[in-house]
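Asks: Quick one: the structure is below, questions incoming.
The values are calculated or read from the model by the stated rules, or taken from the named source; none is laboratory data. Quick caveat: nothing in here was measured; it's all calculated off a predicted structure. We place every Cβ from the backbone using ideal geometry, glycine too, and count neighbours over all the protein chains shown.
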């Protein structure tokens, strides 16, 4: 459609230019004819007509006048100057020139292609013809200013020749437009056929791809169902393993009874099972509390934790070892041998803190392997640092000797122990780690509260920290807080 519109604009431009040029030549020709037949008025009128055509053509080419303005100027020049003027002075209604009035609305229709403009020039032509008719019936030969009887045949022939040439010009332009339009239509039809063929080929290819995708989707759906089934089986197995792991942990009632319910245990595995664990046993004259952070989390960490619990049971119950440092030494040997780390088969290990609380004397023994413990007395917090060598792992050599540290518990003492999961958790406004400094501040802030409130405070602080930073839990978290109040009394 755009091509047809563009061609139509070009053809209209050519049509107007050709009309201006051709009628200008006619004007010159009729100036000559009027001279030959001594038609003085015709010479003057057609000279003026020629001049107006040249002016119109010049203004149109210089784009001073628009197409519409030039077309109206052209029709007015033909109507009021050439046809009206020549017919007025050569017989009025019966002048050979009067038949040119028929062409005025036709030319307007061709050039302006608008109903209003065509209707205007049609009405104008009818008014002129009507005026001629009225004048003729009133005064007869009043309008005849020039006697053309001697040249009537010649004059009529020249008028008819001009009319035929105009019709020929219009017919040629129409035929040329039709030919170009048909050429454009054929080209567009050919393009449409090619596009249709391409669309059909694309549709066929898409249909084939759809069938292939459907087959792939069926395979993927089948595999997804298989994966879901396997995932459910694995999850069920891990849940069962979790029950086994929880069965190995100390009974809550037993440990709470020893500390008179002044204890909380915040144990949050990252996955279903955990690599963090705690171990507790009440002996005849002391109690042993162990917290450990094993290599890894999830299933691998759980395997390590079960190995650690088994080792502690063996060390305390079978070997009868109750000193904190000795427990760590033997636990290292147990892990080192169990994982065949001498042969380099594994470098896994664990960070462990051991606290032995004596019942007969107001002291507690502590030994740590990469896992410090915190105690608060008289609102002052002390970090009792661990030895910087883990349990297990072949990166530190086979032999390990851990240090025993004695803590005076003659005053009421609040202890905190666990893994590094709490302090290493990312969160907060800037997405950073919680850090040990913030954890110590939290301990001092809440240590004097009931242990139920402390558990709520530590839990809500952690959850808000993760929520604020839009972070997920990155590691297993174990944090225990408890109070030992011996005074000068021996239990």
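Asks: Taking the range 264-280 as the search range and keeping residues that are in contact with a helix residue (DSSP H, G or I) (Cβ under 6 Å, 6 or more places away or on another chain) and either outside the structural domain of residue 454 (by TED's automatic domain parsing) or part of a strand (DSSP E or B) (or both), which one is surrounded by the most Cβ atoms within 10 Å (Cβ to Cβ)?
Replies: My answer is 277.
Asks: Next question. For residue 400, only one of the following conditions fails: (1) under 29 Å from residue 362 (Cβ atoms); (2) surrounded by 13 or more Cβ atoms within 10 Å (Cβ to Cβ). What is its number?
Replies: Only one criterion in (1) under 29 Å from residue 362 (Cβ atoms); (2) surrounded by 13 or more Cβ atoms within 10 Å (Cβ to Cβ) is unmet by residue 400, namely (1).
Asks: Hey, can you tell me all the residues within the range 12-39 that are without any contact (Cβ under 8 Å) to a residue 40 or more places away in the chain and either surrounded by 15 or more Cβ atoms within 10 Å (Cβ to Cβ) or in contact with a helix residue (DSSP H, G or I) (Cβ under 8 Å, 6 or more places away or on another chain) (or both)?
Replies: Once the filter is applied, which keeps residues that are without any contact (Cβ under 8 Å) to a residue 40 or more places away in the chain and either surrounded by 15 or more Cβ atoms within 10 Å (Cβ to Cβ) or in contact with a helix residue (DSSP H, G or I) (Cβ under 8 Å, 6 or more places away or on another chain) (or both), the range 12-39 yields 21, 24, 28, 31, 34, 35.
Yes/no matrix, rows are residues, columns are (1) part of a strand (DSSP E or B); (2) touching a residue at least 40 places away in the same chain (Cβ under 8 Å):
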residue	(1), (2)
322	no, no
327	no, yes
335	no, yes
342	no, yes
347	no, yes
352	yes, yes
357	yes, yes
360	no, yes
365	yes, yes
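Asks: In the same structural domain as residue 297 (by TED's automatic domain parsing) and buried (at least 20 other Cβ atoms within 10 Å of the Cβ), is that true of residue 368? Let's see the steps before the verdict.
Replies: Numbers: in the same structural domain as residue 297 (by TED's automatic domain parsing): yes; buried (at least 20 other Cβ atoms within 10 Å of the Cβ): yes.
Against the criterion (in the same structural domain as residue 297 (by TED's automatic domain parsing) and buried (at least 20 other Cβ atoms within 10 Å of the Cβ)), residue 368 qualifies.
Asks: Anything in the range 281-304 that is within 21 Å of residue 415 (Cβ to Cβ) and not in a strand (DSSP E or B)? List them, or say none.
Replies: Hits for the range 281-304 are 283, 285.
Asks: Now a separate question. Identify all residues within the range 373-388 that are surrounded by fewer than 20 Cβ atoms within 10 Å (Cβ to Cβ), part of a loop (DSSP other than H, G, I, E, B) and within 58 Å of the chain's Cα centre (by Cα); write none if there are none.
Replies: 379, 385, 388
Asks: Further, regarding this structure: Identify, by number, the condition in (1) in contact with a strand residue (DSSP E or B) (Cβ under 8 Å, 6 or more places away or on another chain); (2) exposed (fewer than 15 other Cβ atoms within 10 Å of the Cβ); (3) more than 27 Å from residue 328 (Cα to Cα) that residue 474 doesn't meet.
Replies: Of everything listed in (1) in contact with a strand residue (DSSP E or B) (Cβ under 8 Å, 6 or more places away or on another chain); (2) exposed (fewer than 15 other Cβ atoms within 10 Å of the Cβ); (3) more than 27 Å from residue 328 (Cα to Cα), residue 474 misses just condition (2).
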